[in-house]
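We did not get these values from a lab; they are worked out from the coordinates using the rules stated. Fair warning: this is a prediction, and the values are worked out from it, not measured in the lab. Glycine gets a Cβ as well: all are built from the backbone with ideal geometry, and neighbour counts include every protein chain shown.
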């Protein structure tokens, strides 16, 4: 009886401790980040190595890197997921090999992606430190996540759809386009947002691929500094950059929360619509 | 399987894409080996342990201070995060009322989504000065362990939660029918049944801790030395790569790729073991 009460107490204490640390972290960043946050902070260029001014070009670079990553990763991951779930038997050797190598890819540390991106995109392909290099590196990184979620979404589509359309003599491609992909859309969007969240939070893979330059990028071949790299640089290399770093961290967290809630509401909407029309 | 002509064309296209996606991991290994070849070719692997110091430009390649920093910080974080994570999972599954349990799970998910650079920044600005009061300079192995603990706690908690959710309801009902107390149910039935899933989650978390770069880089002080105490500044393998890649050339650069290769091998061993364990669960 005493043991029971004691463990209950300990487990409640753990939960309170974890929540407490989380609130501490969040409150710390909100309290210190909010004063500097304003419209002009979001659009102005950084001055004095980021101590003053804003983060306009950094937000643009971040979005461009994200755009490159997603434009590359989405078709590739969708194709792979469709192949794995609709065009190969679950126990085929090819399918198993692809799944296995993607599992391994998912475990590769981000700094190793940074080394790889630097060696391949910056040097071997001659793209240099550029938004393109950074985006392509991130694309490799989020690929396993996107494929896994898309595959799960497709597999969750009711099997009746496949059987009924086969009975109607529809081709597999038509079934895919008209039935399975629409049915899997909520899962696809949710997976996409997870990928975006992972990409936007990434730092280590970007330092040696997209670089440090905090000017407004002219093209995808320019170096651009991502928001997370900006926070790192301000806190480690710029004395007196803490205030700007706090505000940038707040912007990053707000961006992530926004992406998260958009994903949730989109998924809900689609789910609702497909139920209504069904 | 009957396929029309369009289907066959589509299947071929998809196969091409899947092949590309599957070869990325091979490409990574290939390029890591290619870039580290200048060092691997001429330098015996034992030199990474027995050389006098880490001065790759002068041909001294001792990596042990970085290796031990990585191992200590990972070990410390796993030791702290495992009980906390399992307790978190137990809390939301067996102890908290449904509403609080839902909120708590959401909070852990949010915690998992916070960027590592934000953890690092918070550790540097808030945690390090607190520890610095205990023993300057504050940026130390201990700070790194605490930040890492916070970062891998969600991984442990979420995987343990999933493993506990997969415990067959019949076990739980049977335990309740035998009149076991709540703790008796958890320690005697639920935890043993979920054991392999929890261990797999812990291994995944350890892999994440080994590979983590930014948060650790920002709070451990980055002095290349064998740590004598928890309050010493250290430099991990990942931090070493991040700090020196910017200016490394020639053999120095190749040596950094060797440490990247070492990292990848360590993480792969952990991830594969975790996968093996979680596969076994389906048969057990």
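Its residue count N fixes a reference of 2.2 N^0.38 Å for the stretch A:77-168, and the Cα radius of gyration divided by that reference is 1.39.
How big is D, in µm² s⁻¹, for the stretch A:39-277 by Stokes-Einstein at 10 °C and 1.306 mPa s if Rh is the Kirkwood radius over C-alpha pairs? In µm²/s, the coefficient rounds to 82. Springs between Cα atoms under 10 Å define the GNM used for chain A, and in it the highest mean-square fluctuation of A:170, A:258, A:236 occurs at A:170.
Neighbouring Cβ atoms from other chains, within 10 Å of the Cβ of residues in A:19-29, number 5 on average.
Take the Cα of residue B:133, step 7 Å toward its Cβ, do the same at residue A:254, and the gap between the two points is 3.1 nm.
Averaged over the residues of B:83-95, the number of partner chain Cβ atoms lying within 10 Å of the residue Cβ comes to 4. Label-to-label distance for residue B:276 and residue B:169 is 3.5 nm, based on points extended 7 Å past Cα in the beta-carbon direction. Most tightly packed first, judged by the mean number of other beta-carbon atoms within 10 Å of their residues, the peptides A:57-67, A:243-253, B:126-136 read A:243-253, A:57-67, B:126-136. Going 7 Å from the Cα of residue A:9 in the Cα-to-Cβ direction, what parts of the stretch B:78-99 have a backbone nitrogen less than 14 Å from that spot? Answer for the stretch B:78-99: none.
If r is the Cβ-Cβ distance from residue B:42 to residue A:49 and R0 is 30 Å, what FRET efficiency results, to the nearest 0.05? About 0.15, to the nearest 0.05. Per residue of A:82-89, other chain Cβ atoms within 10 Å of the residue Cβ number 5 on average. How far is helix A:242-277 tilted off the main Cα axis of chain A, in degrees rounded to 10, range 0 to 90? Taking the Cα atoms of chain A, the angle to A:242-277 is about 20 degrees.
Distance from the Cα centroid of the stretch B:150-200 to that of the stretch B:68-122 is 17 Å (rounded to whole angstrom). Let me make sure I get this right: for chain B, a, b and c are the square roots of the gyration tensor eigenvalues over alpha carbons, sorted descending. Under 1.5 in a/c it's rounded, otherwise prolate if a/b > b/c, else oblate. Which is it? Since a/c reaches 1.5 but b/c is at least a/b, the shape of chain B is classed as oblate. Sorting the segments A:203-209, A:82-88, B:273-279 by their residues' average number of neighbouring beta-carbon atoms within 10 angstrom, most packed first, yields A:203-209, A:82-88, B:273-279.
Here the spin labels are modelled as points 7 Å beyond Cα on the Cα-Cβ line, and at residue B:12 and residue B:52 they lie 6.4 nm apart.
Given R0 = 56 Å, the distance between the Cβ atoms of residue A:40 and residue B:180 translates into a calculated FRET efficiency of 0.35. Ellipsoid semi-axes for the protein assembly as shown, based on the Cα gyration tensor and the rule √(5λ), read 36, 32, 26 Å when sorted largest first. Relative to the longest principal axis of the Cα atoms of chain A, helix A:2-33 runs at roughly 60 degrees. Sorted on the mean count of surrounding Cβ atoms within 10 Å across their residues, most packed first, peptides B:158-164, B:66-72 read B:158-164, B:66-72.
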